[in-house]
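Just so it is clear, none of the values below were taken in a lab; they were calculated from the coordinates. Bear in mind the structure is a predicted one, so any value in this text is a computation, not a measurement. Here the Cβ is made from the backbone with ideal geometry for all residues, glycine too, and neighbour counts use every protein chain on show.
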Amino acid sequence: MYRRDFIKVSAAAAAAAALSPALASCGGFAGGKKRVGKGGPLKMSYYPYVVELQHTFTISGFSRDTTTVLLVEIEYDGVTGYGEAALPPYMVGQTLETASAFLDKVDLSQFSDPFEMDEILGYVDSLAEGMSCPKCGIDIALHDLVGKLLGKPLYKIWGFNAAKTPDTSFTIGMDTKEVIIQKTKEAEPYNILKVKLGSTEADDKMIVETIREVTDKPIVVDANQGWKDKRYALDMICWLAERGIRFVEQPMPKTVYDEMAWVTENSPLPTIADESCQRLVDIRKLYGVFTGINIKLLKCTGLREAHRMVEAARALGMMLMIGCTTETSCAISAMAQLAPVVDFADLDGNLLITNDCFSGMKIVNGKITLNDLPGIGVTKL
Ligand code: MG
């Protein structure tokens, strides 16, 4: 057997253990011993990239025209995995400088088996509190690498059915009436609209009524913590329920639990935790407070933890949503690998930018459409 083929075979056996404990326990590999490839140490590199937005993007509290991302690459035996760490301004404390300083501390050369993902990502997570964005960049690149070494897309390795992906929503930020009309028309190819609310009552109602003048498509609302009073939040949700809105994301500030539980209990619409739900550990305290959670790779440090959050939320009977920020098709395609097992997806971040440097998951007739490329399913442009 050629060395390269040996590595592929041993990689497949090791990956069964790394990616699916269930598979490994089903009597996976001969002799019960994991064989390790000889591809040498992992090599990581990264560089910044400025993503340009089509429109100035305004949500409750922030406005921006660009997002800086760090593109991460992990190389092993001549194969390169791609990852992305977007740095949107609301990820407090995670700037180009602090994220780069974190990545400079990471020494992956101590690892010579990319399939020891628990060990590698556990080490990365232990290097500093927070820093979820650069951790996510490493996690995505490692998953892409492992999928490429196996020659399979992650969703297939995880056993998901690509036909079960949902439609994605297309986001319309806060804006003037004229721009909202224009953006709603531009959203013609998409079947669901996501609307950013959370400013004044007059502006919030103007935005929804303006969109309703143009289309009767389903709308979901993201208030981005904008409604501070529980009775006001519930009144807004009741008003929205009469206008064909499907659910409301993060109506109230992220640490308001008792009031939020009261809103959810009385709400005619499902409520989804976004800013309140960062990592796996948060889910326990959100049960009974929100109907569901919005998982984002940037918040939870990447695909490994996102996959665990899917399982935890499912076990609790909570609704599952996946989201993104404005980023390239690298991070979007990574998140899309989990799309077959979620209730709702908001994966339009790459559609809102003008200089995507990856090609990956496509939206076809409004639906998330996964390809057969290995790993996260991207090609660098
Ligand atoms: Mg949100």
query = If each residue's Cβ is checked for other Cβ atoms within 10 Å, how do V248, V179 rank with the fewest at the top?
reply = V179, V248
query = Could you give P(r) for segment 87-126, binned at 5 Å from zero, as whole percent values over all Cα-Cα pairs?
reply = 5, 21, 23, 18, 16, 12, 4, 0
ask   = If each of D107 and T379 carries a label point 7 Å out from its Cα toward its Cβ, how far apart are those two points in nm?
value = 3.9 nm
query = Can you give the FRET efficiency for N191 and K285, using 1/(1 + (r/R0)^6), R0 = 45 Å, r = Cβ-Cβ distance, to the nearest 0.05?
reply = 0.85
task = Sort R231, R304, R279 so the one with the fewest other Cβ atoms within 10 Å of its own Cβ comes first.
result = R231, R279, R304
request  = In vacuum, with every alpha carbon of segment 156-380 counted as one equal point scatterer, what does the Debye formula give for log10 I(q)/I(0) at q = 0.07, 0.10, 0.15, 0.17 Å⁻¹? Two decimals, please.
outcome  = -0.21, -0.43, -0.99, -1.24
ask   = So between R314 and S63, what do we pick up on full extension, going 0.36 nm a residue minus the alpha carbon distance?
value = 86.9 nm
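Can you classify the chain as rounded, prolate or oblate using the Cα gyration tensor, where a ≥ b ≥ c are the square roots of its eigenvalues, rounded means a/c under 1.5, and otherwise it's prolate if a/b beats b/c and oblate if not? Intermediate values should be presented prior to the final figure.
Numbers: a/c = 1.93, a/b = 1.76, b/c = 1.10.
Prolate, since a/c reaches 1.5 and a/b exceeds b/c.
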inquiry  = Let's test the formula: R0 of 30 Å, r as the Cβ-Cβ distance of T95 and K362. What FRET efficiency results, to the nearest 0.05?
reply    = 0.40
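How do D139, D372, D77 rank when sorted from fewest to most other Cβ atoms within 10 Å of their own Cβ?
Ordered by Cβ neighbours within 10 Å, fewest first: D372, D77, D139.
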task = Grab the Cα-Cα distance for V50 and N371, subtract it from 0.36 nm times how many residues apart they are, and report the gain in nm with one decimal.
result = 112.9 nm
query = Do the sum for the chain: with -39,500 (n - 2.57) for every DSSP H run of n ≥ 4, divided by all residues, what is the mean residue ellipticity at 222 nm, to the nearest 500 deg cm²/dmol?
reply = -10500 deg cm²/dmol
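Kindly work out what percent of the DSSP beta bridges joining two residues of the chain are antiparallel, to the nearest 5.
Numbers: 28 of 52 bridges.
That works out to approximately 55 percent antiparallel.
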request  = For the chain, find the longest principal axis of its Cα atoms and tell me its angle to the long axis of helix 3-19, 0 to 90°, nearest 10.
outcome  = 50 degrees
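How much net charge surrounds K380 when only other residues with a Cβ under 12 Å from its Cβ are counted (Lys, Arg +1; Asp, Glu -1)?
Working: positive: none; negative: E73, E84, D144, D356.
It works out to a net charge of -4.
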note = For segment 287-302, Karplus-derived ³J(HN,Hα) couplings (6.51, -1.76, 1.60; θ = phi - 60°; whole Hz; x for glycine and proline) come out as 5, x, 9, 10, 6, x, 10, 10, 8, 10, 4, 4, 7, 9, 5, x
task = Report the FRET efficiency, 1/(1 + (r/R0)^6), for E119 and N266, where r is their Cβ-Cβ distance and R0 is 45 Å, rounded to 0.05.
result = 0.45
request  = Would you kindly state the longest site-free stretch of the chain, with sites defined as GluC sites (Glu not before Pro) in a DSSP loop (not H, G, I, E, B) surrounded by at most 14 other Cβ atoms within 10 Å?
outcome  = 243-381
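So for segment 156-380: antiparallel DSSP bridges make up what percent, rounded to the nearest 5? Could you put the intermediate results ahead of the total?
Numbers: 6 of 29 bridges.
Given both bridge residues lie in segment 156-380, the antiparallel proportion sits at roughly 20 percent.
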Compactness index (Cα Rg / 2.2 N^0.38 Å), segment 74-188 = 1.40
